[in-house]
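A short worksheet on the structure shown next.
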């Protein structure tokens, strides 16, 4: 296969169409619309340069890819769209029962999956709040630190629920004792 050039469209056997954004000695950095930038060896079996693409097609592919990647990043960083957080297996199918002290009153049963989902939503919204505090231009640094410490104490109050998370990486973390 002849050598590709920056801006040229390329077809990868697995990732599909992409645009060469950098040419190295033995690899291309290729921008794929659904994958972002990937370094791909020039010797990859089935890699095909697309010669008949017009400059306008190449520009359109690159622009759309950049827009999609930017949109993904913004949605991930600034929305309360949450990632999939697995609940520990031993809790799946379980029920939370809230029993009032007054036995004449009815208890409330909540599926643990529903309760867990709400805990994860609280955590994710606290993270978005942290990002908004950090990005706020009207708050000075000391105000930001005060608000961050308050949020850290909130996380500390929620550590009780860490037992429900499958992975420790998703746990609430409060203030560290020194």
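The values are calculated or read from the model by the stated rules, or taken from the named source; none is laboratory data. Given the structure is predicted, the values throughout are model-derived calculations rather than measurements. Here Cβ is always computed from backbone atoms with ideal geometry, including for glycine, and neighbour counts include all displayed protein chains.
Scan the stretch 136-165 for residues that are assigned to a helix (DSSP H, G or I), out of contact with any helix residue (DSSP H, G or I) (no Cβ under 8 Å at 6 or more places or on another chain) and more than 28 Å from residue 115 (Cβ to Cβ) and the total you get is 5.
Of the residues 62, 121, only one is at pLDDT below 90 and not assigned by TED's automatic domain parsing to the domain that holds residue 18; which? Selected residue: 121, the only one of 62, 121 that is at pLDDT below 90 and not assigned by TED's automatic domain parsing to the domain that holds residue 18. When each of 112, 105, 158 is tested for being in contact with a strand residue (DSSP E or B) (Cβ under 8 Å, 6 or more places away or on another chain) and over 30 Å from residue 71 (Cβ atoms), the lone residue that passes is 112. Across the stretch 75-87, not a single residue is classified as more than 26 Å from residue 166 (Cα to Cα), loosely packed, with under 12 Cβ neighbours inside 10 Å and either modelled with pLDDT of 70 or more or touching a strand residue (DSSP E or B) at 6+ places or on another chain (Cβ under 9 Å) (or both).
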